[in-house]
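Colleague: The structure that follows is given in the form of structure tokens.
The values are calculated or read from the model by the stated rules, or taken from the named source; none is laboratory data. As the structure is a computational prediction, the values presented were derived from the model and not from experiment. Note that each Cβ is placed from the backbone with ideal geometry, even for glycine, and that neighbours are counted across all protein chains shown. Only protein heavy atoms, including side chains, enter the accessible area calculation; ligands, DNA and RNA are left aside. Shrake-Rupley method; radii C 1.70, N 1.55, O 1.52, S 1.80 Å.
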Amino acid sequence: MLDEYLWIVIVGFIVAFVLACGIGANDVANSFGTSVGSKVLTLRQACILASIFETLGAILIGSRVSDTIRKGIIDVNIYNGTEGFLMAGELAALGGSGIWLCVATFFSLPVSGTHSIVGATLGFSLVAHATDGVNWVKLALIIASWFISPVMSGAVSCLLFYTINKFILNAHDPLERGLKFLPFFYGLTISINFFSVFYKGPPSKCCQVEPVGMGCV
């Protein structure tokens, strides 16, 4: 039984690297484009930082997103008894999103890896079981987040730039004021990252976050 589907695992492993290459060339380039463009980071430094922190992000807080892609968008229960069909469909989703990201990168189009994999997963599910295999409520929430995220990030960006412009850039000595504010911004960023790891990280018995606090049991 396992040998029958081993080829899907092997091909999927290879295709996953193609998809990762597309994500690195497109999504990661989107993230570091402003830093490299403003010469805060060199391209080499951006590649090194992306390699480290993309890996850490995937390990520490990527499990919940993986679960949503794996079984949140589609109903995997309808594939009971036809697991090989589901594996082939997931392989097709990996290949389709990987090809699209590489093509978009070739034409210098900044696209989203999330949009690509969600659309590819939805596509194979519609072919396999029409509309019966789709979790429409979860899909609606995901699509809504695509519209809410730019608005929320734009609002936060405006607030941050207004604060920096008012209290740092327009100060009598912007460099000195900026150095004083730097620990605050570092601390805020690190705190948000740690909160994300502890609150949304992979569940484990050694470190479970209680709803009322950050204690580990």
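Colleague: Residue by residue through the range 63-78, note down the ones that are open to solvent by less than 60 Å² (accessible area, probe 1.4 Å) and without any contact (Cβ under 8 Å) to a residue 24 or more places away in the chain.
Modeller: VAL76
Colleague: Give the residues of the range 59-86 that are within 18 Å of the chain's Cα centre (by Cα), part of a helix (DSSP H, G or I) and not charged (D, E, K, R), sorted by residue number.
Modeller: Correct list: ILE59, LEU60, ILE61, SER63, VAL65, SER66, THR68, ILE69, GLY72.
Colleague: Give the residues of the range 6-29 that are of a type outside the set (A, V, I, L, M) and surrounded by 14 or more Cβ atoms within 10 Å (Cβ to Cβ), sorted by residue number. Don't jump to the end; show me each part of the working.
Modeller: At the first step, the residues of the range 6-29 found to be of a type outside the set (A, V, I, L, M) are 7, 12-13, 17, 21-22, 24, 26-27.
Listed by number, the residues that qualify are GLY12, CYS21, GLY22, GLY24, ASN26, ASP27.
Colleague: Cβ-Cβ distance below 7 Å, separation of 6 or more or different chains: which pairs start in the range 79-92 with a residue that is under 12 Å from HIS129 (Cα atoms) and end on one that is of a type in the set (A, V, I, L, M)?
Modeller: If the second residue must be of a type in the set (A, V, I, L, M), the pairs left are TYR79/LEU86; PHE85/ALA128; LEU86/VAL76; GLY89/ALA128.
Colleague: Please determine whether any residue of the range 45-54 is of a type in the set (Ser, Thr, Tyr), open to solvent by 60 Å² or more (accessible area, probe 1.4 Å), modelled with pLDDT of 85 or more and out of contact with any Asp or Glu (no Cβ under 7 Å at 6 or more places or on another chain).
Modeller: The answer is yes, given that some residue of the range 45-54 is of a type in the set (Ser, Thr, Tyr), open to solvent by 60 Å² or more (accessible area, probe 1.4 Å), modelled with pLDDT of 85 or more and out of contact with any Asp or Glu (no Cβ under 7 Å at 6 or more places or on another chain).
Colleague: When LEU101 is evaluated against the numbered criteria (1) surrounded by fewer than 17 Cβ atoms within 10 Å (Cβ to Cβ); (2) touching a Cys at 6+ places or on another chain (Cβ under 9 Å); (3) modelled with pLDDT of 85 or more; (4) not charged (D, E, K, R), which criterion, by number, is the only one it fails?
Modeller: LEU101 satisfies all of (1) surrounded by fewer than 17 Cβ atoms within 10 Å (Cβ to Cβ); (2) touching a Cys at 6+ places or on another chain (Cβ under 9 Å); (3) modelled with pLDDT of 85 or more; (4) not charged (D, E, K, R) except (1).
Colleague: Which of the residues spanning the range 104-131 are over 16 Å from GLY72 (Cα atoms), of a type in the set (S, T, N, Q) and open to solvent by 70 Å² or more (accessible area, probe 1.4 Å)?
Modeller: Hit for the range 104-131 is SER108, nothing else.
Colleague: Looking at the range 155-203 only, could you name the residues that are open to solvent by 80 Å² or more (accessible area, probe 1.4 Å), more than 18 Å from the chain's Cα centre (by Cα) and among the aromatic types (Phe, Trp, Tyr)?
Modeller: Selection gives PHE161, TYR162, PHE167, PHE184, TYR186.
Colleague: Consider the range 132-146. How many of its residues are open to solvent by less than 80 Å² (accessible area, probe 1.4 Å), free of Cβ contacts under 8 Å to residues at least 24 places away in the same chain and under 19 Å from ASP75 (Cα atoms)? Explain how you work it out, then say what you get.
Modeller: Residues of the range 132-146 open to solvent by less than 80 Å² (accessible area, probe 1.4 Å): 133-135, 138-140, 142-146.
Next cut, free of Cβ contacts under 8 Å to residues at least 24 places away in the same chain only: 140, 143-145.
Imposing the further condition that a residue be under 19 Å from ASP75 (Cα atoms) reduces the set to 140, 143.
Qualifying residue count for the region: 2.
Residue-by-condition table, conditions (1) assigned to a loop (DSSP other than H, G, I, E, B); (2) among the aliphatic types (A, V, I, L, M); (3) in contact with a strand residue (DSSP E or B) (Cβ under 6 Å, 6 or more places away or on another chain):
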| residue | (1), (2), (3) |
| --- | --- |
| ILE10 | no, yes, no |
| GLY22 | no, no, no |
| GLY57 | no, no, no |
| ALA88 | no, yes, no |
| CYS102 | no, no, no |
| THR105 | no, no, no |
| SER108 | yes, no, no |
| VAL111 | yes, yes, no |
